[in-house]
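Quick one: the structure is below, questions incoming.
Every number in this text was worked out from the coordinates using simple rules, so none of it is lab data. Owing to the predicted nature of the structure, the values given are computational and were not obtained by experimental measurement. Here the Cβ is made from the backbone with ideal geometry for all residues, glycine too, and neighbour counts use every protein chain on show.
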Amino acid sequence: MPDFLLEIGLEEVPARMLASAQAELLKRTLGLLAREQLVVGDPIAHSYSTPRRLAVLVRGVLTQQPDITEETTGPAVKIAFKDGVPTPAAEAFARKSGVAVSGLKTISTSKGDYLAAATLKRGRTAAEVLALELPKEIAAIYWAKNMYWRAGKPERFVRPVLWLACLLGDEIVPLTFAGKTAGRATYGHRVLSTGEPFEIVTPHSYLAQLEGEYVLADVEVRRQKIRKALDHVTRAIPNARWREDHALVDAVTHLTEWPDVLLGNFEASYLELPEEVLVTVMRDHQKYFAVEDSNGKLAPHFLTVTNIALDEISTPIIKQGNERVLRARFNDARFFWEFDQRTPLTNRVKLLGNVTFQKDLGSYAQKSERVAVIAQRLATFAIERGCALDEKAISEAALLAKTDLTTDLVKEFTELQGIIGGLYARSQGLPATVADAIYDQYLPASAKDTIPRSPEGAILGTADRIDTIAGMFRLGMEPTGSKDPFALRRAANSIVRILAESSLPILLSDVIDSTTPAQDTEVRLLAFFAERIDFYLREGCDQAYDVVKAAMAAGTDDLRDLVARAEAVTAVRGSEDFLAVSAAFKRMKNILTQAHAKGDVPPSIVDHDLLLDPAEKLLAVTASAAASAIQELQRERNYGEALRVIAALRPSIDDFFDKVMVMSPEDDIRANRLALLNRTLEDLSRIADFSEIVTAG
Amino acid sequence: MPSVVEKKKALTFQELLFTLQRFWAEHGCVLQQPYDLEVGAGTMSPDTFLRVLGPKPISIAYAQPSRRPADGRYGENPNRLFRHTQLQVILKPPPERVQELYLESLVAIGIDLAQHDIKFEEDNWEWPVGGAWGVGWQVMLDGQEITQFTYFQQCGGMDLDPISGEITYGLERIAQFLQDLDSIYDIVWSRDPATGAELTYGQVRLHEEQQFSAYSFDYADVPSLWKHLELYEAECLALLARAKEVLVEESPDPLQVLRFPTLGAYELALKCSHTFNLLDARGAISVTERVGVMARIRNLIVGVAKIYAEQGRLTAAA
């Protein structure tokens, strides 16, 4: 069976989109081949991509779909024959079926005997099917950003299609897409190859032929070549290594067809600039790899991945060009760094009065003052609860936190706001606690980030965000649906993470109250945070939705406690006793709800003299003993043990439901039994509302 | 130390301009003169912004001095300018293999592609104030961005068909690259063929950078600028309102349709845009105000684009 190859030649495709498009083209091609019965089982298949091409190669494709025999039913026998002679109806059916009348069969149906013919549905050739169907699959590939290029706008694609090559074995499959008809011609590297097209002999020779024209179409081969070259080139510097950066390796792999690595240098004097700035310039602006010494300290070198083979002529030229560009960028950074320092952060506080935060919430100067007050309140709570904190540092950091917005360096490298402020604070001799808090104020910015290093930083970051959130809510500008223009959800996610993952003894209600919200705002804030907490537990802590619901039902104010409770529930939820108890809790809740609907409101106290059945007496005793044990364990946050105590109640609960009819016809007995259930539920639901746990299915 | 190209052979700034203009003229472009009004980029010249609208094919190239008041550095920063020069090429529709054509233009200015690292990296262009965007690349040469390459998709809030290809060369950066210099001001602008005497970019332009930086940052009178902005805006709006009456189907006065000064309205909108940039450089626009003023200017520019397209349709039909 021949191999199949499709190559789509394109103008440079954005690096960030290549991997997923390559995978999608493979999936679509294999799906089509399977659907059209052009492959047997799971064939061996490969996919390739470079900035200028996407390709897929499938081994062992059938050249022809299998023929299918179908039985078609004709006229009834009594119409088809008159006195044993075929009528025109029979002859017409035979003609249509391509057989003589004598070749027709008779079949019996519930309606009588009918003529039938076996007809052969010929399978189409693979070339025919692929030419017809594959263009639809190509057109359906998802791209994050599409464009039109041909007049009349017949199709959208990521970039203009330049050529198509499509082969089944030695034969061309002449499919057409975007005005191009596939042939066997392809192109090599833009510069290293001749620029003239060349012919692919067979799918099998594709990779090797491209390699001969300076294109490594296999992404993994390119990635390995780059990694090896990075290692190799770095070896020229003693005790140095390139700084690992998977995302950057990925980016340069998708930017090259024939990668090579070049080592460049910069003057050591630039190392006086903060490493954060140097690395941002190299990585984000130039796609250069940083080089570090054996202690992890930045060394005055960089590595750039070229899309051309380097030789003794090109190496010094390309090196010189890249070094000049980097020098210019570093010079800019140094110019800003020195210029900004002429006005220390403390003198920039007043400049914040001219920077609007939001038109109804005032300037950044006003925001900073509010944040300082909020941070002060939070610090007071934390200190009262025994947390060691530098209150003065928090106030100072809060007032200076946004001053870096007025610096040229932040205007140039907006992604470094906060970090730059922290660096300036340190360099201007402010206490380390202040500088670090400023530096960390935007942490965590994403799920991958860590939380601030110090409690001062954690408080500053929390205060800044809750000021924004509460301010926006006050103005009625809360997120709705997919609209969250001020990224308030992300801000709230960060607060949730800080409260859950830092050692700060601060409650969610402390954070919300610190902004002294009006009552309706407070209600909306609590609901908003409940959503974010739910999200955090599910996405950040990997908890199942029912566990999240159960744990949140027992309180969301103390987030570290909430996480501990949820984790404890997850740890025991598989045990049989726990599931049985959860089911029993659900039953108790149902009974109480139904009773409530009928007007049966249980008294708050269980009257032990009214407990008649030994089973209910036993439950009253065991549940009450369990409740005090749990209370003690909860104080120690020993939720694992507390849940074991609850699970151990299973025999007495089971026994209760086996022997006792709660809805007794006698009013006082019934009320007392409802009171017992109510008390048991309340006492035992302080860790989680177990009735929320999904027990079946 | 080998140089990018041998120094003697490296083109002067003015030779670079001639060479690129000649190259594109030889490939069928009409050479237009720079637009004689302040613009922030070659894209804002009506030769790009308005001509990409409508069905009429064009091939046009021009150098465009581009003013960005906030980018001025009093001539003290070797890599930043208040006013830089772009060479703008507009191809509607873009020919197939337009990238190869572009690469040939690099060869024409003395760049041996086999000895350099060239990458087309994704860089999509967007000018929200003009309701315009496109997809494309920044062309990187040995780590230096030398060209912005864009396939326009929308302009003035309208879908384009056919689309246009835009190639914007940053002439200072390319000259700095060719001549292997750390400072823009050291670029050799011209060389006297008789004496070999060189004139540098700094000798030609430094005083402009010094004075215009000072004007933009320190002298420009903020209340006057606001007044200018309001006057230009009011006049532009009045023209847009008139356009509604004049640019109608089967007008009794076709000449009036033809002569309606859409281009005049566009210049007023450009004046507003530049005035806004000056106010911005003066630090006179708060973050909040910025959004509002930009919306006002967008209203003008998109409004002009719409009447330009309408006028083109009416006059083509006539």
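If you wrap the protein assembly as shown's Cα atoms in a convex hull and average its projection over all directions, what's the area in nm²?
Details: hull surface 248.9 nm².
Directional mean of the projected Cα hull area for the protein assembly as shown stands at 62.2 nm².
Given Cα pairs under 8 Å that are at least 6 residues apart, what percent is the relative contact order of chain A?
7 percent
Now, a different point. With springs only between Cα atoms under 10 Å apart, run a GNM on chain B and tell me which of B:268, B:279, B:113 wobbles the most.
B:113
Moving on. Within 10 Å of each Cβ in peptide B:143-153, how many partner chain Cβ atoms are there on average? Round it to a whole number, please.
Taking all residues of B:143-153 together, the mean is 4.
Let me ask you something else. Within a 10 angstrom radius of the beta carbon, how do A:313, B:187 rank from fewest other beta carbons to most? Present the calculation step by step, with values, prior to reporting the outcome.
Numbers: A:313 12, B:187 25.
Fewest-to-most ranking of A:313, B:187: A:313, B:187.
Measuring from centroid to centroid over Cα atoms, what is the spacing of the stretch B:65-140 and the stretch A:40-75 in Å?
Going from one Cα centre to the other spans 45 Å.
What is the extension gain from residue A:480 to residue A:37, computed as 0.36 nm multiplied by their sequence separation minus the C-alpha to C-alpha distance, in nm to one decimal? Intermediate results must be reported in sequence, preceding the final value.
Details: separation 443, 0.36 × 443 = 159.48 nm, distance 4.77 nm.
Extending this stretch completely gives an extra 154.7 nm.
Less than 12 Å from a label point 7 Å out along the Cα-to-Cβ axis of residue A:73: which backbone N atoms in the stretch A:105-132 qualify, by residue?
Flagged as within label range: A:107-117.
Here is a follow-up. If I stretch the segment between residue B:126 and residue B:224 completely, what's the gain in nm (0.36 nm per residue apart, minus their alpha carbon distance), one decimal?
Going from the current span to full extension adds 32.3 nm.
Just to be sure I understand the model, the point goes 7 Å from the Cα along the line to the Cβ. What's the resulting residue B:76 to residue B:33 distance in nm?
3.7 nm
Right, another one. Enumerate the calculated ³J(HN,Hα) couplings along the stretch A:524-541 in order (Karplus 6.51 cos²θ - 1.76 cosθ + 1.60, θ = phi - 60°), each rounded to whole Hz, writing x wherever the residue is Gly or Pro.
Once rounded to whole Hz, the list reads 5, 5, 5, 5, 4, 5, 4, 4, 5, 5, 4, 4, 4, 5, 6, 7, x, 10.
For peptide B:157-163, what's the mean number of Cβ atoms from other chains within 10 Å of each residue's Cβ?
3
Please figure out what share of the DSSP beta bridges in the protein assembly as shown is antiparallel and state it in percent, rounded to the nearest 5.
So the antiparallel bridges in the protein assembly as shown amount to around 95 percent.
What FRET efficiency do you get for residue A:312 and residue B:107 if R0 is 30 Å and r is their Cβ-Cβ distance, rounded to the nearest 0.05?
Numbers: r = 22 Å, r/R0 = 0.73.
For R0 = 30 Å, the calculated efficiency reads 0.85.
I would also like to ask the following. Name the long-range amide H neighbours of residue B:200: under 5 Å, sequence gap of 5 or more, or other chain; modelled H, no Pro or chain starts.
Those qualifying (amide H under 5 Å, at least 5 residues apart or on another chain) are B:189.
Right, next: For the pair residue A:545 and residue A:106, what calculated FRET efficiency results from E = 1/(1 + (r/R0)^6), where r is the Cβ-Cβ distance and R0 = 45 Å, to the nearest 0.05? Can you show the working numbers first?
Values: r = 62 Å, r/R0 = 1.38.
The computed FRET efficiency comes out at 0.15.
Residues with amide H under 5 Å of residue A:363's amide H, sequence separation 5 or more or different chain, H placed in the peptide plane at 1.01 Å from N; which?
A:357
Something else: Could you list A:32, A:612 in order of exposure, starting from the residue whose Cβ has the fewest other Cβ atoms within 10 Å?
Lowest count first: A:612, A:32.
Quick check: convex hull over the Cα atoms of the stretch A:219-341, volume per residue in Å³, rounded to an integer? Display every interim value, and only then the final one.
On the way: hull volume 12.2 nm³, N = 123.
Enclosed volume per residue, from the Cα hull, is 99 Å³.
Please give the FRET efficiency for residue A:449 paired with residue B:315, using the beta carbon to beta carbon distance and R0 = 51 Å, rounded to the nearest 0.05.
Efficiency, rounded to the nearest 0.05: 0.30.
To make sure I understand the rule: partners must be lysines, Cα under 24 Å from the Cα of residue A:153, and not fewer than 8 residues away in the same chain. Which ones qualify?
In chain and number order, the partners are A:136, A:145, A:180, B:56, B:92, B:306.
Averaging over every viewing direction, what projected area does the convex hull of the Cα atoms of the stretch A:162-289 cover, in nm²?
10.4 nm²
Whole angstrom only: what separates the Cα centroid of the stretch A:115-155 from the Cα centroid of the stretch A:522-551?
Distance between centres, Cα-based: 46 Å.
Residue A:432 versus residue A:276, label points 7 Å from Cα toward the beta carbon: distance in nm?
Distance between the two pseudo-spin positions: 1.6 nm.
Would you mind checking A:359/A:402; A:350/A:448; A:82/A:121; A:287/A:319 for any pair whose Cα atoms are more than 23 angstrom apart?
A:350/A:448; A:82/A:121
Can you list the residues of the stretch A:494-521 with backbone N under 15 Å from a point 7 Å past the Cα of residue A:376, pointing along Cα to Cβ?
A:514-516
Same structure again: Through the Karplus equation 6.51 cos²θ - 1.76 cosθ + 1.60, θ set to phi - 60°, convert the phi angles of the stretch B:16-26 into ³J(HN,Hα) values in whole Hz; use x for Gly and Pro.
Once rounded to whole Hz, the list reads 4, 4, 4, 4, 5, 5, 4, 3, 6, 4, 5.
So the label point goes 7 Å from the Cα of residue A:221 along Cα→C-beta, right? Which residues of the stretch A:165-189 then have their backbone N under 17 Å from it?
In the stretch A:165-189, the label zone of residue A:221 (backbone N under 17 Å from the point 7 Å along Cα→Cβ) covers A:186-189.
On to the next question. Note down the nm distance, to one decimal, between modelled labels 7 Å out along Cα→Cβ at residue A:593 and at residue A:694.
1.7 nm
Would you pull out the residues with amide H under 5 Å of residue A:150's amide H, same chain only if 5 or more places away, H placed 1.01 Å from N?
Under 5 Å from the amide H of residue A:150: A:155.
What are the ³J(HN,Hα) couplings of the stretch A:351-358, residue after residue, when phi is run through the Karplus curve with 6.51, -1.76, 1.60 and θ = phi - 60°? Round to Hz, x for glycine and proline.
With coefficients 6.51, -1.76 and 1.60, one gets 5, 5, x, 8, 9, 6, 7, 7 Hz.
Mind checking A:315-325 for the average number of partner chain beta-carbons within 10 Å of each residue's beta-carbon?
6
Could the peptides B:297-309, B:165-177 be put in order, highest first, of the mean number of other beta-carbon atoms found within 10 Å of their residues?
Highest to lowest by the protection proxy: B:165-177, B:297-309.
Another question, then. Among the DSSP beta bridges whose two residues both lie in chain B, what percent are antiparallel, rounded to the nearest 5?
Beta bridges within chain B, antiparallel portion: roughly 95 percent.
Find the Rg to Rh ratio for the stretch B:13-215, where Rh is the Kirkwood radius over alpha-carbon pairs and Rg uses the same atoms.
Value, to two decimals: 0.96.
Please arrange A:639, A:439 by counting, for each residue, the other beta carbons lying within 10 Å of its beta carbon, fewest first.
Ordered by Cβ neighbours within 10 Å, fewest first: A:639, A:439.
Now a separate question. Residues with beta-carbon under 15 Å from that of residue A:120, excluding residue A:120: net charge, scoring Lys, Arg +1 and Asp, Glu -1?
Result for the neighbourhood of residue A:120: +2.
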